[in-house]
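**Student:** A single structure is presented below for examination.
The values are calculated or read from the model by the stated rules, or taken from the named source; none is laboratory data. This is a predicted model, so every value here is computed, not measured. So basically every Cβ, Gly included, is an ideal-geometry build from the backbone, and we count neighbours across all protein chains shown.
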Amino acid sequence: MAALSVDKVFQFVQFVANKESRGWISPAEFNLAAELAQLEAYSKREAVFIASKKILNDLRPFVKMSGTITPSSGLCAYPSDLRHFNNAWMDSDYQEIKEVTQAELPYLMKSEVCPPSASYPAGVQRDTGFQLYPVSISADIRMEYIAGPDAPEWAYTLTSNRPVYASGSSTDFGFDEVLFMEIAALCLLHVGLNLDKESVAQYGAAFNKQA
């Protein structure tokens, strides 16, 4: 999978804007449109995950594994870019940490059959982190989670008062390049070019021919 190039989308938006007599789209205007487009595409797929806990393929570029996390009184801090917790395990032996809800926790703690232990830990999602039970657990854990999207940015330097793409300072879209047409259409919409899918596809074909 390859990240969707922010420069490719920028050039396409400029191409369509020129054909539609919209005029030059400034980098600042494009970057705002790009951020809104990515958030819209992300939110659409995020809604499916929230409803079904199913991670769509389009969302997989945002699935990450944390580094080792050391509990403090059993509380494990979330990674800074976490959007949705998926699962967790003990780093030493890959023992899965059973996630339970707060409502389930009292019954589990009182269980005479299999209460939480260092060998079979449980955890509850809190606002401040993932709380392990028993709270005496101090061994490192790891988490798999869905990260929030970073804002794409078309960065540039000025040459003869014209912006020139600076790849080293730019941030590509978090999605795979297969979403080029969807993201590009949303960007066009947010810069005031509300085109139907057929028109965007035709412009896409013409754009690819000149590339």
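**Student:** I'm trying to understand the selection: among the residues of the range 64-76, which are among the hydroxyl-bearing types (Ser, Thr, Tyr) and either touching a His at 6+ places or on another chain (Cβ under 6 Å) or not in a loop (DSSP other than H, G, I, E, B) (or both)?
**Tutor:** Correct list: Ser72 only.
**Student:** Let me ask something else about it. Of all residues in the range 8-45 being among the acidic types (Asp, Glu) and farther than 14 Å from Glu182 by Cα, which is farthest from the chain's Cα centre (by Cα)?
**Tutor:** Here the answer is Glu20.
**Student:** Only residues that are in a helix (DSSP H, G or I), surrounded by fewer than 19 Cβ atoms within 10 Å (Cβ to Cβ) and touching a helix residue (DSSP H, G or I) at 6+ places or on another chain (Cβ under 7 Å): list them for the range 13-31, please.
**Tutor:** Selection gives Phe15, Lys19.
Listed here are the residues, each with its yes/no results for (1) in the same structural domain as Glu182 (by TED's automatic domain parsing); (2) surrounded by fewer than 18 Cβ atoms within 10 Å (Cβ to Cβ); (3) in a helix (DSSP H, G or I).
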site	(1), (2), (3)
Glu46	yes, no, yes
Phe49	yes, yes, yes
Tyr78	no, no, no
Arg83	no, yes, no
Ala88	no, no, no
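**Student:** Okay, next question. Can you tell me which residue in the range 132-150 is farthest from Ser92 (Cα to Cα), limited to those that are touching a strand residue (DSSP E or B) at 6+ places or on another chain (Cβ under 7 Å) and not in a strand (DSSP E or B)?
**Tutor:** In this case the residue turns out to be Asp150.
A quick yes/no check of all residues on (1) touching a Leu at 6+ places or on another chain (Cβ under 6 Å); (2) surrounded by fewer than 14 Cβ atoms within 10 Å (Cβ to Cβ); (3) under 20 Å from Ala33 (Cβ atoms):
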{"position": "Tyr133", "(1), (2), (3)": "no, no, no"}
{"position": "Ile141", "(1), (2), (3)": "no, no, no"}
{"position": "Ala147", "(1), (2), (3)": "no, no, no"}
{"position": "Asn161", "(1), (2), (3)": "no, yes, no"}
{"position": "Asp176", "(1), (2), (3)": "no, no, yes"}
{"position": "Cys187", "(1), (2), (3)": "no, no, yes"}
{"position": "His190", "(1), (2), (3)": "yes, no, yes"}
{"position": "Gln210", "(1), (2), (3)": "no, yes, no"}
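**Student:** Look at Ser5 and say whether it is crowded, with 17+ Cβ neighbours inside 10 Å, touching a residue at least 40 places away in the same chain (Cβ under 8 Å), under 21 Å from the mean Cα position of the chain (by Cα) and more than 16 Å from Met181 (Cα to Cα).
**Tutor:** No.
**Student:** So, one more: Among the numbered criteria (1) in the same structural domain as Asp81 (by TED's automatic domain parsing); (2) in a strand (DSSP E or B); (3) of a type in the set (A, V, I, L, M, F, W, C), which single criterion is violated by Val164?
**Tutor:** With (1) in the same structural domain as Asp81 (by TED's automatic domain parsing); (2) in a strand (DSSP E or B); (3) of a type in the set (A, V, I, L, M, F, W, C) applied to Val164, the lone miss is (1).
**Student:** Just checking, how many residues over the range 51-74 are over 24 Å from the mean Cα position of the chain (by Cα) and either crowded, with 16+ Cβ neighbours inside 10 Å or among the acidic types (Asp, Glu) (or both)?
**Tutor:** Let us first name the residues in the range 51-74 that are over 24 Å from the mean Cα position of the chain (by Cα), namely 70-74.
Subsequent filtering for residues that are either crowded, with 16+ Cβ neighbours inside 10 Å or among the acidic types (Asp, Glu) (or both) retains 71, 74.
Summing the residues that are over 24 Å from the mean Cα position of the chain (by Cα) and either crowded, with 16+ Cβ neighbours inside 10 Å or among the acidic types (Asp, Glu) (or both) in the range 51-74 gives 2.
**Student:** With the requirement that a residue be free of Cβ contacts under 8 Å to residues at least 24 places away in the same chain and within 18 Å of Ala155 (Cα to Cα), what does the range 15-25 give you?
**Tutor:** Trp24
**Student:** Against the conditions (1) of a type outside the set (Gly, Ala, Ser); (2) touching a residue at least 60 places away in the same chain (Cβ under 8 Å); (3) surrounded by fewer than 11 Cβ atoms within 10 Å (Cβ to Cβ), where does Tyr94 fall short? Just the number, please.
**Tutor:** (2)
**Student:** Also: Across the range 176-211, what is the number of residues that are at pLDDT 95 or above and among the aromatic types (Phe, Trp, Tyr)?
**Tutor:** 1
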